[in-house]
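Notes follow the structure.
The values are calculated or read from the model by the stated rules, or taken from the named source; none is laboratory data. Being a predicted model, the structure only gives us computed values, none of them experimental. Using ideal geometry, Cβ is built from the backbone for each residue, glycine included, and neighbour counts are taken over all protein chains shown.
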Amino acid sequence: MSEIIEVIFSINTFTAAIRMATPIAMAAIGGVFSERSGIINIGLEGMILTGAFAAVVGSFFTGSPWLGLLAAILAGSLLGLLFAFFTIKFKADHVVAGVGLNILALGITTWLMQVVWGQKGASPEVNGLPEITLPILNKIPILGDLLAFHSPIVYIMFVTVFLSWLLLFKTSLGLRIRMTGEHPEAADTLGINVYFMQYFSVTLSGALAGMGGAYLSLGQLSWFSSNMSAGRGYMALAANIFGQWNPIGAFAASFLFSFSDAVQMRLQGINLNLASELIQMIPYLLTVIVLAGAVVKSKPPAALGEHYEVGK
């Protein structure tokens, strides 16, 4: 028992959890923006996957992982814009359109991998983003071990959490986004461009999810593999709901999921006389339980999932 406790609460476990939380948290914060404007974003999974692919393609052809990161942001934004176009312009069901987007992203990335590299399983290795050390933080005990040596996207994620909270709850733009998701009729009456707020929010959602995907392919690894998002978009959706559509809450929920994932990975190195499949189920089972409880207790934006006709 002491060995299990030591594994669960070790610095290595918490450090791994921070790294694994990054793609989930980035997509979850993207989901916050989208759903605060009234658009349910089931398509986060496809946006992460597309961002991961675009990042590797960008790095492969330019040799620069930073341009790969830019490509991921652009690809995620375009996919977010496409999703917004169908849900806002054509009033498509948000859930159906999101699932369709995920299937589209999986199919296109698998096909393009064969077109670009002539292989199905994984891309060639490319230049990834180097881990950096924060010179002051690395001298602080414990905190330095946790936060001083990570990919740049990890630090971008922490900044994004704070700036997103600031934008949503302390600026007039954030108030307009939230009002659009709560009461679009009132927002329209006050002269707020409801469609613009929704397009902006969903496109931003795609950009953040794409950056999360770039972390998978250029931060953790240096290549792309088929379906490497592996359900993180759905975890992000759950984190968004469990976090009550708040960037800080979304990050906290993302860390909870990633911590459980880090724990299951560490527990596989201990002889527990349990099938490895049971241990690997821990993060996904937790996601289902948390999502079920969150859906029951949460209070989403009032107009979430509804279609609004401007001027009517």
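Here are a few things to note about the model shown:
- Checked against the criteria, L106 does not count as surrounded by 24 or more Cβ atoms within 10 Å (Cβ to Cβ), of a type outside the set (K, R) and within 16 Å of S229 (Cα to Cα).
- Residue within segment 255-263 that is over 17 Å from A27 (Cβ atoms) and at pLDDT below 70 present: no
- I24 being part of a helix (DSSP H, G or I) and within 29 Å of G144 (Cα to Cα): yes
- Scanning segment 242-258 for residues that are surrounded by fewer than 24 Cβ atoms within 10 Å (Cβ to Cβ) and either more than 22 Å from L167 (Cβ to Cβ) or of a type outside the set (F, W, Y) (or both) gives Q244, N246, I248, G249, A252, L256.
- Pairs meeting the criteria (first residue in segment 194-216 and in contact (Cβ under 8 Å) with a residue 60 or more places away in the chain and under 16 Å from L304 (Cα atoms), second residue of a type in the set (K, R) and in a helix (DSSP H, G or I), beta carbons under 6 Å, at least 6 apart or on different chains) are M197/R176.
- For L146: the one exception among (1) out of contact with any Leu (no Cβ under 8 Å at 6 or more places or on another chain); (2) at pLDDT 90 or above: (2)
- When residues of segment 137-194 are limited to those that are polar (S, T, N, Q) and in contact with a Ser or Thr (Cβ under 8 Å, 6 or more places away or on another chain), the one farthest from A207 (Cα to Cα): T180
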